[in-house]
1. Expressed as a whole number of Å, what is the distance separating the alpha-carbon centroids of the stretch 118-197 and the stretch 13-28?
2. At 1.4 Å probe size, with every protein chain present, just tell me what the per residue accessible area of the stretch 147-219 comes to in Å².
3. For residue 21 and residue 238, FRET efficiency with R0 = 30 Å and r from the beta-carbon atoms, rounded to 0.05?
4. Antiparallel as a % of all DSSP beta bridges within the chain, to the nearest 5?
5. Note down the net charge around residue 120, summing +1 for each Lys or Arg and -1 for each Asp or Glu among other residues with Cβ under 12 Å from its Cβ.
6. Which value, in Å² rounded to 10, gives the accessible area of residue 5 with a 1.4 Å probe and all protein chains present?
7. Tell me which of 156, 98, 210 sits at the most positive position along the dipole axis of the chain, charges placed on C-beta atoms (Lys, Arg +1; Asp, Glu -1).
8. If amide H atoms are built 1.01 Å from N in the plane of the peptide, which residues on other chains or at least 5 residues away come under 5 Å of the amide H of residue 36?
Amino acid sequence: TQVFMLIFVIPAYNEAQNIARLLDETHAYATGQNLSYRLIVVDDGSVDHTADIVQERSSRYPCEVVRYTPNQGVGQAFRRGFLRALESVADDDYIVTIEADRTGDLGILKELLNLMRSGCEVALASCYAKDGRIENTSWSRLFLSRAANALISFFFPMKGIHTFSSFYRVYDPRVLKKVKSAYGDFYEEKGFACMIELLVRISRLGARIGEVPMILRSQNRRGKSKMKILPTILGYFRVIRRNAFARPKS
């Protein structure tokens with residue numbers, strides 16, 4: 001019998017083409033696995049109908065939308081989602097973050113949860129682990145992604161970890177509380193590199209981190225990726241500058 005709850009935190013910006021299908025698929029997966037769950041979609045200043053779609057689905061699924069304007073970046077979206085989740089989470093629950101654009105594979109969630117049950121405090125979906133890969137993306141984006149990942153690995157090596165920027169993760173809520181207590185916030189970065197900064201801080205607190213290989217299927221996404229390459233790369237360098245020699249405040 002499952003006694004824990006999964007709390008999904010999903011940042012979304014102009015994802016009207018994807019969000020309904022993601023919510024439907026997540027509901028189908030969770031009920032099929034007999035998992036208790038709720039969904040927190042953080043609408044980061046969308047100008048389409050993303051929030052309206054989530055609100056409509058809330059009559060059928062345990063989901064809510066945290067909405068604000070204007071767009072403030074994915075860092076703020078995750079921050080607000082984490083804070084909302086931590087308001088009511090129990091220590092034996094899990095917080096799951098996943099992309100709104102359906103590029104994450106719900107099929108590996110069971111393996112991620114198995115890692116958590118084995119003692120991990122964070123479990124990552126990893127497209128750079130053995131048997132993982134990225135499908136249907138340009139060679140230039142793939143090259144830059146791999147180069148950036150290698151750069152982060154050089155400055156912040158973590159044993160057995162191959163992907164540092166994945167949004168698709170499972171967290172023990174207690175480790176997020178520890179990071180916020182030790183550093184004053186989950187991260188400083190506003191853009192996509194916030195997930196790297198959060199992982200670095202978690203690692204430096206001595207948390208156990210594991211990963212599961214994943215095939216990231218870009219073809220599942222309707223519309224274009226919201227990630228802008230140059231701002232994201234610059235964000236990586238800011239994370240390195242801030243954290244290469246920094247330590248927790250307490």
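The values are calculated or read from the model by the stated rules, or taken from the named source; none is laboratory data. What you see is a predicted model; the values in this text were computed from it and never measured. Note: ideal-geometry Cβ built from the backbone for every residue, glycine included; neighbour counts use all protein chains shown. Just the protein is used for accessible areas: all its heavy atoms, side chains included, with ligands, DNA and RNA removed. Shrake-Rupley method; radii C 1.70, N 1.55, O 1.52, S 1.80 Å.
1. The two parts, judged by their Cα centres, are 23 Å apart.
2. Numbers: 2780 Å² over 73 residues.
For the stretch 147-219, the solvent-accessible area averages 38 Å² per residue.
3. Efficiency, from the Cβ-Cβ distance: 0.35.
4. Details: 6 of 32 bridges.
Looking only at bridges with both residues in the chain, the antiparallel portion is about 20 percent.
5. -1
6. Only protein atoms counted, so the area is about 60 Å².
7. Most positive-ward Cα: 156.
8. Here the answer is 6, since their amide H atoms fall under 5 Å of that of residue 36.
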